[in-house]
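Input: a single structure, listed below in structure tokens.
The values are calculated or read from the model by the stated rules, or taken from the named source; none is laboratory data. For clarity, every value in this text was computed on a predicted model and none was experimentally measured. Here Cβ is always computed from backbone atoms with ideal geometry, including for glycine, and neighbour counts include all displayed protein chains.
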Amino acid sequence: MKRRPILYGLPVMLAATAFIFPCSGHASMQHASPPADMVDPRIGTGGAGHTFPGASIPFGMIQPSPDTAMPEFHHAYDWAGGYQYNDPTIMGFSQTHFSGAGHSDLGDWLLMPIAGDVRMEPGDPAKPLSGYRSRFRHATEEEHPGSYSVTLDDYGVRAELTAGLRVGWHRYTFPTDKPAHILLDLRPSIYDYPGKVLWTRLRVRSDGTVSGCRTTRGWAPGRTTCFAMRFSRPMVARTLYNRETNLTYHGFRGPGNAPVDPDEQNGRAVEAVFDFGTLSTPLGVKVAISPISETNAIANLEAEGRGWDFDARRADATTAWNRALSVIDVSGSTDQRTQFYTALYHAMLAPTLSMDANGDYRGPDQEVHKARGFGFYSTWSTWDVYRAQQPLMALLRPDMSSQFVRSLLAAQQASPVGVLPIWSYQGLETWCMTGYHAVPIIADAYLAGVRGFDADAALDAMVASATSPVYGDLTDYMKLGYVPIDREAEAGSKTLEYAYDDWSLARMARAMGRTRIAETFEKRARNWHNEWDSQTGFLRARLSTGEFHTPFDPAAAAYGSDYTEGNAWQYLWYVPQDVPGLIATMGGNAKFTTRLDELFDTKVDPARFKNVEDISGLIGWYAHGNEPGHHIAYLYDYAGAPWKTQQRLQQIMDSQYNARPDGLAGNDDLGQTSAWYLFTALGFYPVAPGSNDYTIGRPFVPKAVIHLPNGRIFTMVADGLDAGHPYVASVTLNGRAQDLLHLRHEDILKGGELRFVMQATPKR
């Protein structure tokens, strides 16, 4: 993979939006390459990682990236990020993407540069030149944080992409002997299906600005996204098409309704071709997006898209990433540093800004709201990111964590049903996944010392979500102490998730002195006991009558079953708020450890989960490719067997991560899988976010220096770390002996040194 030299300079977009992305950076340890240069955006673009290789800045609103396919919804899982590494063709470059999502949408405003004849359909990737898609070779790709480039072999066009906060920048170099065209296809979408596009408007304004809006009924129903686009030189011709067929009535012919119109088109199948004749110099294209309107998209373009210096914008993006990634200086081999900084890069792609330059954002009520004094962020996969990605941000970037919490609260205030986001993007709720996990995100941030938001209002919003009569059968949960499986699918895991969320809410209420709320939710946090079945030794779903759901097969897994994307083996351990209580319930340390060993050591045929595509990365029953088990390897610590935690962590790291395109065992899930890697590489992990406690595992890098936001430095050192010394002999914190189990968040914030001494054999 080719790497571009790093260019330094203060990013214009960051200076203008300092409260959204502060320009704080740190002097790095002396390494051969700066941190952004160690990132490999290809990691996760193959297999089931679902990441994209294109351009973005940290938490940025726009992500111009190549799309290799946008298949029909039922066959689209592998293309959730728009790009699959093993595909031979690129169909175009769209402007919006999720990083590592298990479900998907977006892929808005697909651009394709074409030299020569224009074809209006993407065509068959197995039949070259059957459509506008083009073959490409990985040897011509250059991937770097904030930029991407590739040669489209069928056209001889060099395509380059970079990104600012709300503006994507494209530069296309065409062959000089063929006419240059830009095709804009407003029909396709990631996770596509017939009828997904409800309406599209496209117009060419008198100054050459191209703008439009599109409304879809995808994952977030009724999502409207708008754009504004300009070219670095005037068009010589343009044609706008509405390619809908078999319309019973579409009005009278005229501007905006004619089958072909030079200035405006409206419909559900809109395309456009912009002609530029033969070009001797590259063509620049800049695209701004808005969740609100064309007017706002144009304003975003005016505010952040001035000039045509593509190289300068690419340098700005690189600088933004170097500033963001320099929060940790990590030592190690090239592969270690590549995996570490790529994981940190992936952990800082979301949540994404979803607010125009004027402060407008769209809420879950579909109304336009104004952010005052904060940036509104969306793309909330709360079921995933509360576990490690958001705790990581609370540690490394409390300034952003504060913005995230304010965004969650703003969304709750605009919610038609008064609840915090579950899985939302561009401000709209999808109701995907289970639990009310915005609650532990807020609680963990508050208990970690993040401020800048109204804590009392936050707690009230958390209680409103936790007592909602309209969500996930919380009514029965509050009445019975569990969610009944005969009234709500996946009730077994929902009860467990609610109990943890309740505990995190209670923790924050207790810290704030709101005793009555704390007592109420402390009691609810014990509801996990209501699912314990001593006969089978599993946590099981109950009927509304109180009986356990039968028949029962602990290996069974299916969407809409007793458990969410898992089975009884994988959810047996989901009591992070009370691990000692779970150990006691299961019969003590020895029996608990034996069951853990059984989880990891049982031979399991992956084909068993062929109909549950999210379950991947199997080690026995343990599934690292999905989030419910991410804390499990650390549970040996609690049962007096930390050496077994160390063994399992080594097993997971060796089998589930590598520095290849297929280097993620499952969806990165908006940075959660990457955050697990980061914490584990540093030697500790937040088993129960909201506890302010990290469980110690073992380090996987020899040294890491964390530049804390308070100006202090926290250093992790692993003496003697190598393949022959995988076990922890001792741990000291600032020279004082540390137990092998826990590290407090406040101790990290004080700065100092966490030192591991490694040895060849387990310390039993």
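Has segment 639-650 got at least one residue that is among the aliphatic types (A, V, I, L, M) and in a helix (DSSP H, G or I)? Looking through segment 639-650, at least one residue is among the aliphatic types (A, V, I, L, M) and in a helix (DSSP H, G or I). Taking the criterion of being surrounded by fewer than 16 Cβ atoms within 10 Å (Cβ to Cβ) and outside any strand (DSSP E or B), the residues of segment 197-221 that qualify are 205, 206, 207, 208. The residues of segment 90-113 that are part of a strand (DSSP E or B) and closer than 15 Å to residue 168 by Cβ, listed by number, are 92, 93, 94, 110, 111, 112, 113.
Do the conditions hold for residue 306, that is, is it of a type in the set (Lys, Arg), surrounded by fewer than 24 Cβ atoms within 10 Å (Cβ to Cβ), touching a strand residue (DSSP E or B) at 6+ places or on another chain (Cβ under 7 Å) and not in a strand (DSSP E or B)? No; evaluated as a whole, the condition is false for this residue. So, in segment 391-405, exactly how many residues are closer than 27 Å to residue 358 by Cα and under 14 Å from the mean Cα position of the chain (by Cα)? Number satisfying all stated conditions: 2.
Could you give every pair whose Cβ atoms fall below 7 Å, whose first residue belongs to segment 586-614 and is closer than 16 Å to residue 642 by Cα, and whose second residue is assigned to a loop (DSSP other than H, G, I, E, B), counting only separations of at least 6 or pairs across chains? Listed pairs, sorted by first residue: 589/639; 589/640; 592/586; 592/639; 593/639; 593/641; 595/586; 600/620. In this structure, residue 498 does not satisfy being in a loop (DSSP other than H, G, I, E, B), in contact (Cβ under 8 Å) with a residue 12 or more places away in the chain, buried (at least 24 other Cβ atoms within 10 Å of the Cβ) and at negative phi. Exactly one residue out of 58, 41, 113, 53 is over 30 Å from residue 616 (Cβ atoms) and at pLDDT 95 or above: that is 113.
Scanning segment 114-151 for residues being outside any loop (DSSP other than H, G, I, E, B), more than 31 Å from the chain's Cα centre (by Cα) and surrounded by fewer than 20 Cβ atoms within 10 Å (Cβ to Cβ) gives a total of 0.
Note on segment 315-411: enclosed helices (runs of 4 or more DSSP H) holding 3 or more residues that are hydroxyl-bearing (Ser, Thr, Tyr) are 334-347. Looking only at segment 712-742, which residues are under 29 Å from the mean Cα position of the chain (by Cα) and either β-branched (Val, Ile, Thr) or within 23 Å of residue 341 (Cβ to Cβ) (or both)? Residues satisfying the conditions are 712, 713, 714, 715, 716.
Listed conditions (1) more than 30 Å from the chain's Cα centre (by Cα); (2) closer than 18 Å to residue 614 by Cβ are all met by residue 584, apart from (2). In segment 179-193 there is at least one residue that is buried (at least 17 other Cβ atoms within 10 Å of the Cβ), part of a loop (DSSP other than H, G, I, E, B) and over 27 Å from the mean Cα position of the chain (by Cα). Note on segment 251-278: among residues that are over 40 Å from the mean Cα position of the chain (by Cα), farther than 30 Å from residue 176 by Cβ and at pLDDT 70 or above, the one that is surrounded by the most Cβ atoms within 10 Å (Cβ to Cβ) is 251.
Remark: residue 387 falls outside the filter, which requires a residue to be farther than 25 Å from residue 225 by Cβ, surrounded by fewer than 24 Cβ atoms within 10 Å (Cβ to Cβ) and not hydrophobic (A, V, I, L, M, F, W, C). Of all the residues in segment 528-548, those that are closer than 15 Å to residue 493 by Cβ, outside any strand (DSSP E or B) and either of a type in the set (A, V, I, L, M) or in contact with a Leu (Cβ under 6 Å, 6 or more places away or on another chain) (or both) number 3. So, in segment 15-38, of the ones that are in contact with a Leu (Cβ under 9 Å, 6 or more places away or on another chain) and within 22 Å of residue 143 (Cα to Cα), which residue ends up modelled with the lowest pLDDT? So the residue we want is 34. For segment 465-481, taking the residues that are under 30 Å from the mean Cα position of the chain (by Cα) and part of a helix (DSSP H, G or I), the one that is farthest from residue 546 (Cα to Cα) is identified as 465.
Being of a type in the set (S, T, N, Q), closer than 25 Å to residue 323 by Cβ and at pLDDT 95 or above: is that true of residue 715 here? So residue 715 passes the test.
Residues considered: 213, 226. Of these, the only one that is at pLDDT 95 or above and over 22 Å from residue 121 (Cα atoms) is 226. Within segment 443-469, being under 12 Å from residue 417 (Cα atoms), surrounded by fewer than 22 Cβ atoms within 10 Å (Cβ to Cβ) and either in contact with a Gly (Cβ under 9 Å, 6 or more places away or on another chain) or aliphatic (A, V, I, L, M) (or both) holds for 464, 468. Look at (1) farther than 20 Å from residue 231 by Cα; (2) out of contact with any helix residue (DSSP H, G or I) (no Cβ under 8 Å at 6 or more places or on another chain) and you find that residue 70 fails only one, number (2).
Out of 337, 323, which single residue is within 27 Å of residue 160 (Cβ to Cβ), out of contact with any helix residue (DSSP H, G or I) (no Cβ under 6 Å at 6 or more places or on another chain) and either basic (Lys, Arg) or buried (at least 22 other Cβ atoms within 10 Å of the Cβ) (or both)? Only one candidate passes the filter, namely 323.
Of all the numbered requirements in (1) touching an Asp or Glu at 6+ places or on another chain (Cβ under 7 Å); (2) free of Cβ contacts under 8 Å to residues at least 40 places away in the same chain, residue 171 misses one, and that requirement is (2). For residue 162, the conditions (1) among the β-branched types (Val, Ile, Thr); (2) farther than 23 Å from residue 349 by Cβ; (3) outside any loop (DSSP other than H, G, I, E, B) are fulfilled apart from (2). The set of residues from segment 470-487 being charged (D, E, K, R), in contact (Cβ under 8 Å) with a residue 12 or more places away in the chain and surrounded by fewer than 19 Cβ atoms within 10 Å (Cβ to Cβ) comprises 476, 486, 487.
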